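This report refers to the structure that appears directly beneath it.
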Amino acid sequence: MAGEINEGSVPAYYREVYEAIRCRADERVQVEVFQRLLQRTDLSKTVLGQIAEHVDATDGFLSKLSFYKALALIALAQQGKQPSPKLLENCIQELPKPQLGEPRELRALRMQPAQEDVLMMSQTLDKLLARDTVQVELIPEKKGLFLKHVEYQVTSQRYKISVYRRYSDFDVFHEVLLQRFAYRVVPALPPKRMLKGVLTSISEREFIEGRRRALGRFINLVARHPFFSEDELVKTFLTFSGSDVQTKLRDAYKKMGDEFMTNRIATQAKEYLPADIQTQFSTSRELIRNIHNSFLKLRDRAEKMAERSKENATDLLMFGKELSTLGSDASPLPSLASSQSTWGTLRQSLKSLSVEFAVLSDKAAQQGRREEDDVVEKLNLFLDLLQSYRDLCERHEKGVLHEHQRALHKYSVMKRQMMSATVQPKEQASVEQLESRIVQQENAIQTMELRNYFSLFCLHQETQLIFTYLPITSHILGAFVNSQVQGHREMGEVWTELQPKLGCLFGGNNGLKPSI
């Protein structure tokens, strides 16, 4: 900064204005608030532009010293002088006073933090989906006759890179992500192995494919999360191509610690929470629980429809094969059969129909895959997110609150011991040791209280994330309708082509409705 402003030489008025409009969470001034302040100066747009040009702002904020410099430039401009850092150097010892009115009146310029900045997430579904799309493809490695290891090629559109990961890599990544973001929605991983009893209903190949899809949903939800997506852990998992990604992930977490340790407003979360946060949380939780239950039913129905399309494909193929078998039967007809000549001709024609039915079967199978990939998969993605929200609510109640209650109980026991120690004469060293432990416990309780408020703060943001994802319903319905339109159109075309081919089988349109 040209002509560096020394905080010690700053006039009292500067400090008062700064205190009136600075952020409550830290020692900076929001650019939006500063711009509102500029509007009060009655200076021309050109001059305001010049002032803004000479003021340093990073990440939407002005530092304290940048703000003091801006006040000095405003004062110079109000005196009719050119607001430049060069001119400021001459009056650095005695900074001019800007005309902005009473500092206490300026408080109204400050944005209300609880509603407008930190607590609220200004995201749209399109923005979240545009953050990244990650493909998870299977690379089976065969050893002997059995599948021993499964490796995945993980390709991030954002980082334009492919890396190779085993299930155990996903497992460690999930573990450190949960440690780092204990107060956020971290989706669950699919099971590593087939559960007992599942073997009877699905094959190993189907299980591996289902797990691949679930890992894909997991990593996409993580890569699109507003906070995870910018974290070093996620970048490491998606881009690190060294030999030991697990050690790299664990080391990265050890350096950073959990979110409470690194989030700049973690210890002030209580300030940002609305007074009725518990009521809001209970209402949202109940609503999201109902949404979750409805989406589970929708997914089950969509799965049944996809299954039926696949069964339809099998039935059409078998129907065609049976017609072919019937047509291929070369057994001589008995002389008694009056329709001998007609059946002979008909039998020949039936042989070729299996080809048409094979095409119909193929179209029905494609329809089943579309329903599975476009509809069921989107439903499963949203269900994974909803389930992770329910898991988060349980973690909040069983984790932070439970730990807090245990700490309070331990503290009360220690206090009783202390009182007992002061009544009965005991060794000084043991009393001092007890006092030290009580102080430690008090600090632990204070930290837990702060963590509890931060947990509630994160819950509030994660609830907003769920509502941001809700418009995915229209994506799902669109995919469902499109799959049906495309499927019925393609099947209809094959049936329509088949119709005239049957004409030769029936004399005088027998068995076929005349064309309209």
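Table for the structure above
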{"read-out": "³J(HN,Hα) computed for each position of region 128-137 - Karplus, 6.51 cos²θ - 1.76 cosθ + 1.60, integer Hz, glycine/proline x", "value": "5, 5, 7, 4, 5, 10, 10, 8, 10, 10"}
{"read-out": "Region 354-360 - phi-based ³J(HN,Hα) in whole Hz, Karplus 6.51/-1.76/1.60, Gly and Pro as x", "value": "4, 5, 4, 6, 5, 5, 4"}
{"read-out": "Calculated over region 12-109: convex hull of Cα atoms, volume per residue (Å³)", "value": "94"}
{"read-out": "Kirkwood-based shape ratio for region 125-262, expressed as Rg/Rh from alpha carbons", "value": "0.98"}
{"read-out": "Protection proxy ranking, peptides 255-266, 314-325, average beta carbon neighbours within 10 Å, highest first", "value": "314-325, 255-266"}
{"read-out": "Estimated FRET transfer efficiency when R0 is 60 angstrom, pair R40-S282 (beta carbons, to 0.05)", "value": "0.90"}
{"read-out": "Within-11-Å neighbourhood charge of S354 [Cβ basis; K, R +1; D, E -1]", "value": "0"}
{"read-out": "Efficiency of FRET from Cβ geometry, E53 and L477, R₀ 41 Å, rounded to 0.05", "value": "0.25"}
{"read-out": "Apportionment of accessible area to carbon and sulfur, region 125-262, percent (1.4 Å)", "value": "52"}
{"read-out": "Accessible-area value, K398, 1.4 Å probe, nucleic acids and ligands omitted, Å²", "value": "140"}
{"read-out": "Per residue value of the accessible surface for region 12-109 (all protein chains in place, 1.4 Å probe), Å²", "value": "52"}
{"read-out": "Backbone N within region 465-494 under 17 Å of label point (7 Å from D362 Cα along the Cβ vector)", "value": "487-494"}
{"read-out": "Karplus (6.51, -1.76, 1.60) ³J(HN,Hα), θ = phi - 60°, over region 302-309, in Hz, Gly and Pro reported as x", "value": "4, 5, 5, 5, 5, 5, 5, 4"}
{"read-out": "Rounded accessible area per residue of region 204-348, 1.4 Å, Å²", "value": "58"}
{"read-out": "Highest to lowest packing among 16-23, 362-369, scored as the average C-beta count within 10 Å", "value": "362-369, 16-23"}
{"read-out": "Distance between region 285-337 and region 380-399 - C-alpha centres, whole angstrom", "value": "35"}
{"read-out": "Full-extension gain in nm, R301 to D251, via 0.36 nm per residue minus C-alpha separation", "value": "13.6 nm"}
{"read-out": "Förster radius 56 Å - calculated FRET efficiency between R347 and R166, Cβ distance, rounded to 0.05", "value": "0.45"}
{"read-out": "Fully extended contour minus Cα-Cα distance, from N290 to D126, at 0.36 nm per residue", "value": "56.6 nm"}
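The values are calculated or read from the model by the stated rules, or taken from the named source; none is laboratory data. Remember, it's a predicted structure, so these values are computed and weren't measured experimentally. We place every Cβ from the backbone using ideal geometry, glycine too, and count neighbours over all the protein chains shown. Ligands, DNA and RNA are excluded from the accessible area calculation, which covers all protein heavy atoms including side chains. Shrake-Rupley method; radii C 1.70, N 1.55, O 1.52, S 1.80 Å.
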